[in-house]
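**Student:** There's a structure below that I have some questions on.
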Ligand SMILES: Cc1cc2nc3c(=O)[nH]c(=O)nc-3n(C[C@H](O)[C@H](O)[C@H](O)COP(=O)(O)OP(=O)(O)OC[C@H]3O[C@@H](n4cnc5c(N)ncnc54)[C@H](O)[C@@H]3O)c2cc1C
Ligand code: SF4
Ligand code: SF4
Ligand code: FES
């Protein structure tokens, strides 16, 4: 495995025992550290103060509709995969007040909200999540109107990525060209190497900010052997990918199958709960809530995460546009894998597998796409050999 | 050369939060029909009123109740008043209808695409409206009539439920008498002294006086009406590229950020509401997209 440009740029090594200094240094610069922590039998993202806050030694097992954590004797800091949450909760909070209004005789005034962004250091961002952030960058900042909350917070991040040392059973980032190596969009990228006699992190600086931080903590240049060890880990992870999605002309394939019988079948199983849209790191839909206090002297407008699985989502006078469950499931999958490409120039899916793991009835986007392709009304889209797009020859 | 230079220009300065409404004062509320009213609004504190193009819409906020998309129905040539024509159908529209002169409304906009009025000079223009769909088309009428000599034949086909639901009655009469304009109004159900036609607006298309090979059509109404109208227009021989439709979808932001208005890959709030039929035809032939 080589980096995209063929250049191996991994450069430094930090020892495990010096790793806390990265945290200390970022804290001293004013960053609030956030990253994986154990809560209620799942790994979530929350504030961190020390390396020991990380779920050390934990590994997860994920499958359709199931997630299980186990504690091992291994001292790995990043031995687990993705939890239900993604980083979007920091850039694109689930609930925000947009503004308040204050009534006075007949009229009202609007009081803008001061969305002070925080200096945040995101610790342990996986490659697929870096890609998800890049995708949301286009959604929230790429058009004529930008989301000022997202934009302000986006400028205040320090991103410490972690290349994946193990692929989950629901992962398919290789299919989506999103991992298991961090390609861009990070300040520092780590590969955790745990061998019989050493526990180190290969570090690659992806920005000037990252380089400056790296210079201030104890490190040594990486040797060819260190680099080779890191490469082996990433290559192994790519080989372990739990799932595959054939992305060959996937947009055209799906556009040719709006009326496929599979949509009815999957809709019959789907609970329309919207879990998949909540856990998905790229889903960006919101609705607004207008509320007043009891005396109606003040009102406020909130923006909250929404889901295209609800009837309200497409409601217009006369009824919802997507009234049937089939139409709503189809909207979700079509958007992730097809219309997104027309809208934003890339897939809306990074292959993180969350929607598969957290679906209460175990619906699997890769399986649905495969079923439609294998029985496409248009035979140009029947699968090629095995359907794995990103073979690393 | 220019294209290259434009591509290098920096992104427009984003000074204003697109979700923050400007405040407008209700100057006049007038009932056009038993369920539809027009509002005259002026910016509060003498603030500037942004220019708009025919077909664009605003997000209209009623204190504590909610915010909805409403097309601008006034004359784009006038900068002294903002006019919205609204049918009271639910929570927000009813709250709007109960407002008193002097009350405050929040306005964000104008947003969205416009009827291609200036681009279609020299053509025949056929404007087809159903119900409240006449409201977003009225600014296009004003614009065309202001420079009437630049257009070929101009035809307005308008369908309402009953004679009492016919919008802008006085204005229709006035346009008919003052301008070279063919106006055909039809109702679903005749009542009282109605002497005009009865039936669907689509039935008027066959005999309307325009040259299909040189005609641009602008259509707004309920989606079913628009589906049938476009089929009829095609039957008359109008090119799909010359048919424009204004779509309606649920909208929470109006600026391409909330996802609600998606229609296939189209964000109706930013790529629409006015879209070419040729771009949307493949979706209109399907249901529940
Ligand atoms: C681009 C555009 C332009 C429009 N122009 C006009 C106009 O000029 N005059 C007019 O009378 N109506 C217009 N409408 C329709 C108008 O927005 C709805 O009638 C209005 O949203 C209904 O809100 P309500 O709260 O009264 O109804 P409820 O039935 O109580 O609706 C609840 C919520 O559903 C959503 N909703 C319901 N119906 C629609 C709808 N048809 N379109 C979008 N969202 C909806 C809104 O968020 C609304 O707050 C337009 C719609 C769009 C998309
Ligand atoms: S669609 Fe599923 S696999 Fe793809 S990015 Fe979203 S949650 Fe992850
Ligand atoms: S439309 Fe559905 S799938 Fe697309 S971003 Fe919104 S919630 Fe996610
Ligand atoms: S209305 Fe929000 S994206 Fe179009």
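Only the coordinates and a few stated rules stand behind these numbers; no lab work does. Remember, it's a predicted structure, so these values are computed and weren't measured experimentally. With ideal geometry, Cβ positions are generated from the backbone for all residues, glycine too; neighbour counts draw on all protein chains shown.
**Student:** With r defined as the distance between the Cβ atoms of residue A:102 and residue A:40 and R0 fixed at 35 Å, what FRET efficiency is calculated, to the nearest 0.05?
**Tutor:** Values: r = 39 Å, r/R0 = 1.13.
Once the sixth-power term is evaluated, E becomes 0.35.
**Student:** Separate question: Tell me, Kirkwood radius of region B:118-284 from alpha-carbon pair distances, in Å?
**Tutor:** Numbers: mean 1/r = 0.0608 Å⁻¹.
The answer is 16.5 Å.
**Student:** For A:86, A:314, B:265, which order do you get if you count the other beta carbons within 10 Å of each Cβ and list the fewest first?
**Tutor:** On the way: A:86 27, A:314 23, B:265 18.
Listing A:86, A:314, B:265 from fewest to most nearby Cβ atoms yields B:265, A:314, A:86.
**Student:** Under a no-solvent Debye model with one identical scatterer per Cα of region A:131-170, what's log10 I(q)/I(0) at q = 0.26 Å⁻¹?
**Tutor:** So the normalised log intensities are -0.91.
**Student:** Kindly give the semi-axes, whole Å and largest first, of the ellipsoid equivalent to region A:1-100, taking each as the square root of 5 times a Cα gyration tensor eigenvalue. Before the final figure, lay out each step's value.
**Tutor:** Values: eigenvalues 122, 96, 65 Å².
That gives 25, 22, 18 Å for the three semi-axes.
**Student:** Which FRET efficiency value, to the nearest 0.05, do you get for residue A:50 and residue A:197 by plugging their Cβ-Cβ distance into 1/(1 + (r/R0)^6) with R0 = 30 Å? Spell out each step's value before the answer.
**Tutor:** Values: r = 25 Å, r/R0 = 0.83.
Once the sixth-power term is evaluated, E becomes 0.75.
**Student:** Give the value in nm², to one decimal: projected area of the alpha carbon convex hull of region A:11-239, averaged over all directions. Don't skip to the answer; put the middle values down first.
**Tutor:** On the way: hull surface 62.8 nm².
Value for region A:11-239: 15.7 nm².
**Student:** Still on this structure, I have one more. Can you give me the pair-distance distribution of region A:197-312, C-alpha pairs, 10 Å bins, whole percents?
**Tutor:** In whole percents, the pair-distance histogram is 9, 17, 21, 19, 20, 11, 2, 0.
**Student:** Multiply the residue gap between residue A:116 and residue A:249 by 0.36 nm, knock off their C-alpha separation, and tell me the result in nm, one decimal place.
**Tutor:** 43.6 nm
**Student:** Among DSSP beta bridges lying fully in chain B, give the percent that are antiparallel, nearest 5. Before the final figure, lay out the partial values.
**Tutor:** Values: 33 of 56 bridges.
Rounded to the nearest five, the antiparallel share is 60 percent.
**Student:** Residue A:32 versus residue B:147, label points 7 Å from Cα toward the beta carbon: distance in nm?
**Tutor:** Computed distance between label sites residue A:32 and residue B:147 equals 5.5 nm.
**Student:** Let me ask something else about it. Expressed as a rounded percentage, what relative contact order does chain A have, with Cα pairs under 8 Å and six or more residues apart? Present the calculation step by step, with values, prior to reporting the outcome.
**Tutor:** Numbers: 757 pairs, mean separation 84.0, N = 393.
Relative contact order here is 21 percent.
**Student:** List residues of region B:117-147, by number, whose backbone nitrogen lies under 17 Å from a label position 7 Å along Cα→C-beta of residue B:239.
**Tutor:** Output list for this probe position: B:117-126.
**Student:** Can you give the translational diffusion coefficient of region A:72-204 in µm²/s, computed by Stokes-Einstein from the Kirkwood radius over Cα pairs at 4 °C and 1.567 mPa s?
**Tutor:** Working: Rh = 17.3 Å.
For these conditions, the coefficient is 75 µm²/s.
**Student:** Related question: Given Cα positions, please report Rg to Rh for chain B, the hydrodynamic radius being the Kirkwood one.
**Tutor:** Details: Rg = 19.1 Å, Rh = 19.9 Å.
Result for chain B is an Rg/Rh of 0.96.
**Student:** So the label point goes 7 Å from the Cα of residue B:161 along Cα→C-beta, right? Which residues of region B:35-71 then have their backbone N under 18 Å from it?
**Tutor:** What the label zone holds, given the 18 Å backbone N cut-off, is B:35-38.
**Student:** Mean separation of Cα pairs under 8 Å and 6+ residues apart, divided by the residue count of chain B: what relative contact order is that in percent? Each step should come with its number before you reach the end.
**Tutor:** Details: 579 pairs, mean separation 48.5, N = 289.
Here the relative contact order equals 17 percent.
**Student:** Looking at the protein assembly as shown, send over the antiparallel percent of its DSSP beta bridges, to the nearest 5. Each step should come with its number before you reach the end.
**Tutor:** Working: 82 of 116 bridges.
Roughly 70 percent of the beta bridges in the protein assembly as shown run antiparallel, per DSSP.
**Student:** Fewest Cβ neighbours within 10 Å first, please rank B:286, B:252, B:100 accordingly.
**Tutor:** Numbers: B:286 11, B:252 24, B:100 8.
Result, fewest neighbours first: B:100, B:286, B:252.
**Student:** State the volume of the convex hull built on the alpha-carbon positions of chain A, expressed per residue in Å³ and rounded to an integer. Walk me through the numbers before you get to the answer.
**Tutor:** Numbers: hull volume 66.1 nm³, N = 393.
That works out to 168 Å³ per residue.
**Student:** Just grab the label-to-label distance for residue A:73 and residue A:239, each label 7 Å out from Cα along the Cβ direction, in nm (one decimal).
**Tutor:** 2.6 nm
**Student:** Then there's this: Which value at 222 nm does chain A reach when only helices count, each DSSP H run of 4 or more adding -39,500 (n - 2.57), with the total divided by all residues and rounded to the nearest 500 deg cm²/dmol?
**Tutor:** Details: 13 runs with 110 residues, N = 393.
Value at 222 nm, helices only: -7500 deg cm²/dmol.
**Student:** Can you pull the three principal axis extents for the Cα set of the protein assembly as shown, in Å, largest first?
**Tutor:** 97, 63, 53
**Student:** Would you please report the Å³ per residue occupied by the convex hull of the alpha carbon atoms in region B:141-194? Walk me through the numbers before you get to the answer.
**Tutor:** Working: hull volume 4.1 nm³, N = 54.
Looking at region B:141-194, the number lands at 76 Å³ per residue.
**Student:** Write down the Kirkwood hydrodynamic radius of region B:3-111, to one decimal in angstroms, obtained as one divided by the mean of 1/r over all alpha carbon pairs.
**Tutor:** On the way: mean 1/r = 0.0669 Å⁻¹.
Taking the inverse mean of 1/r over all distinct Cα pairs, region B:3-111 comes out at 14.9 Å.
**Student:** So, R0 is 45 Å and r is the distance between the beta-carbons of residue A:138 and residue A:271; what FRET efficiency does that work out to, to 0.05? Please list the in-between numbers first.
**Tutor:** Details: r = 30 Å, r/R0 = 0.68.
The formula returns an efficiency of 0.90 here.
**Student:** Also: In what order do A:13, B:81 fall by count of nearby beta-carbon atoms within 10 Å, going from fewest to most?
**Tutor:** On the way: A:13 22, B:81 14.
Ordered by Cβ neighbours within 10 Å, fewest first: B:81, A:13.
**Student:** Right, another one. Modelling each spin label as a point 7 Å along the Cα-to-Cβ direction, I'd like the residue B:228/residue B:278 distance in nm, to one decimal.
**Tutor:** So the label points at residue B:228 and residue B:278 sit 2.7 nm apart.
**Student:** Express as a percent, rounded to the nearest 5, the fraction of DSSP beta bridges in region A:118-275 (both residues included) that run antiparallel.
**Tutor:** Values: 8 of 16 bridges.
If I count the DSSP bridges inside region A:118-275, around 50 percent turn out antiparallel.
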